[in-house]
1. Mind listing the phi-derived Karplus ³J(HN,Hα) values for segment 382-392, rounded to whole Hz, using 6.51, -1.76 and 1.60 with θ = phi - 60°, and x for any glycine or proline?
2. Using modelled backbone amide H atoms (1.01 Å from N, in-plane), which distant-in-sequence or interchain residues come within less than 5 Å of Arg316's amide H?
3. Taking amide H positions as placed 1.01 Å from N in the peptide plane, with prolines and chain starts having none, which residues 5 or more places from Val30, or on another chain, fall under 5 Å of its amide H?
4. Once every DSSP H run of n ≥ 4 in the chain is given -39500 (n - 2.57) and the sum is divided by its residues, what mean residue ellipticity at 222 nm do you get, rounded to the nearest 500 deg cm²/dmol?
5. Viscosity 1.306 mPa s, temperature 10 °C: what is the translational diffusion coefficient of segment 254-358 from Stokes-Einstein with a Kirkwood Rh over Cα pairs, rounded to a whole number of µm²/s?
6. In units of 2.2 N^0.38 Å, what is the alpha-carbon radius of gyration of segment 1-58?
7. Packing-wise, with mean Cβ within 10 Å as the measure, how do 75-87, 250-262 rank, highest first?
8. Setting aside same-chain residues fewer than 8 positions from Lys437, which lysines have a Cα under 18 Å from its Cα?
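The values are calculated or read from the model by the stated rules, or taken from the named source; none is laboratory data. Quantities reported herein were computed from a predicted structural model and do not represent experimental measurements. When we count neighbours, we look across all protein chains shown, and the Cβ atoms used for this are built from the backbone with ideal geometry, even at glycine. Side chains included, ligands, DNA and RNA excluded: accessible areas come from the protein's heavy atoms. Shrake-Rupley method; radii C 1.70, N 1.55, O 1.52, S 1.80 Å.
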Amino acid sequence: MSGPIHIIGGGLAGSEAAWQAACAGVPVVVHEMRPLRMTEAHRTASLAELVCSNSLRSDDAGTNAVGLLHEEMRRAGSLILSAGDANRLPAGTALAVDREAFAATITRRLEQHPLITVAREEVAGLPPADWTNVIVATGPLTSPALAAAIQQLTGETELAFFDAIAPIVHHHSIDADITWRQSRYDKAGPGGTGADYINCPMTRAEYEAFIDALLGADTTSFKDWEAATPYFDGCLPIEVMAQRGRETLRYGPMKPVGLSNPHTPHARPYAVVQLRQDNALGTLWNMVGFQTKLKHGEQVRVFRTIPGLERAEFARLGGLHRNTFLNSPRLLDAELRLRAEPRLRFAGQMTGCEGYVESAAIGLLAGRAAAARPKGGRWTPPPPTTALGALLVHITGGHLLAEAEAAGRSFQPMNVNFGLFPPLEAPSHDAGGRRIKGRERGMARKRALCARALADLDGWLSAAHRAAAE
Ligand SMILES: Cc1cc2nc3c(=O)[nH]c(=O)nc-3n(C[C@H](O)[C@H](O)[C@H](O)COP(=O)(O)OP(=O)(O)OC[C@H]3O[C@@H](n4cnc5c(N)ncnc54)[C@H](O)[C@@H]3O)c2cc1C
């Protein structure tokens, strides 16, 4: 393989990928269509423009998964994180940035790097055949011509243009004294046991109060360009269903049929909310049919009224917006290459991660992986115990794909969160031998997950450094 790495899209992922590859000594060409052609959300010609919030979220690397991802990226020499640190604004424990100065820093550092060329042009179809090492990082608003070409290459159903996502709950926060495990009519289904769902029961009074809360809750508004995109069949937001009639949900995602509550054997539930396992580890559970456009604070308030979810911790809240992303677990290999055409590697939100930091993180991995090949080396992915590795595994294999597809569901984008990490028993005693109780136990578990991640990341980085020097 010879010639430069061609990176299509100079957003969060493409900028980080370019930096990582160039720092590994490989020439890069970044093809960015702005300002010649703008997206619906970008406003400037800068690389790595933040299209909405100016926050890279929590910077707490001791107890927060995105803060941990920040620290891992810093240790891996991330351009996005160093520009974030250089342009930081006061925001408590969050890493908020001056958006213009942040993007200007990144643009300047990429344009000044001797191995990087920035070409201002749209790649309006599949890249030419002589581009043998390509990273596609064109983001949620990929230009239509390229999206159509990728759709043709991957198949009609493998590229999504809309997200309708239901909330995901951490398993440990679901109350097992109120809920029970059962599949409808105890049917096992492909790969199932007959007890695959977690069920939350509701009495009539609880259901009526829930419908009132839903109808009274505040929803987010569509952006102009989103408003024209119709809802897909089968993914109406629950609050829209509730507006169509108070009983609609009881005949839809909350129907109580085929389920009996062992905690109250003589009283059938009036309605049931079901949760389905969402990752292979069993740490994350998806609220079935609960896609919603309620504001995030309202989702937490309303969904915690559901019996069994009073103390629910949400790994992801529901949402509905335009987004271009691949069915990555099916299409990409463990190095983010398209199985059908391995010269094409994908990065950023297109791969099914969600968020500025996550997109840049996948760019970091794609850049390093792409740079390993021209130098004749093999690339080893980061361990799944690290935030970088956990995110990569979610995208390329951690999702329960076969089971999900059998149930008519698809791969959906995800923020980094501790539910993606291989579980770790919370320490029972602190360093002084004192017993750790209650809420402190959860924090101790998060601290242990972060410590394990950073130790494993350091090992991975040292091994990569040694391999590059050989
Ligand atoms: C409206 C909106 C608001 C969002 N708000 C937030 C938020 O507040 N916080 C958060 O964490 N995440 C947010 N996201 C999600 C997401 O994390 C960001 O969109 C993030 O920028 C994705 O990074 P990326 O590198 O994958 O794509 P982008 O940063 O969008 O970069 C893609 C780049 O590719 C270019 N491009 C597209 N097609 C072509 C082509 N054919 N040829 C050449 N160049 C092309 C684009 O111009 C763009 O510069 C938001 C997404 C959207 C759509």
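1. x, x, x, 7, 8, 5, 4, x, 5, 5, 4
2. Amide H neighbours of Arg316: Ile168.
3. Hits under the 5 Å cutoff: Ile7, Thr117, Val118, Ala119.
4. Working: 14 runs with 153 residues, N = 470.
Calculated from helices alone, the mean residue ellipticity at 222 nm is -10000 deg cm²/dmol.
5. Values: Rh = 17.0 Å.
Translational diffusion coefficient: 94 µm²/s.
6. Working: Rg = 13.1 Å, N = 58, 2.2 N^0.38 = 10.3 Å.
Against the empirical 2.2 N^0.38 Å value, I get 1.27 for segment 1-58.
7. On the way: 75-87: 21.1, 250-262: 16.2.
Listed from highest to lowest mean packing, they are 75-87, 250-262.
8. Lys446
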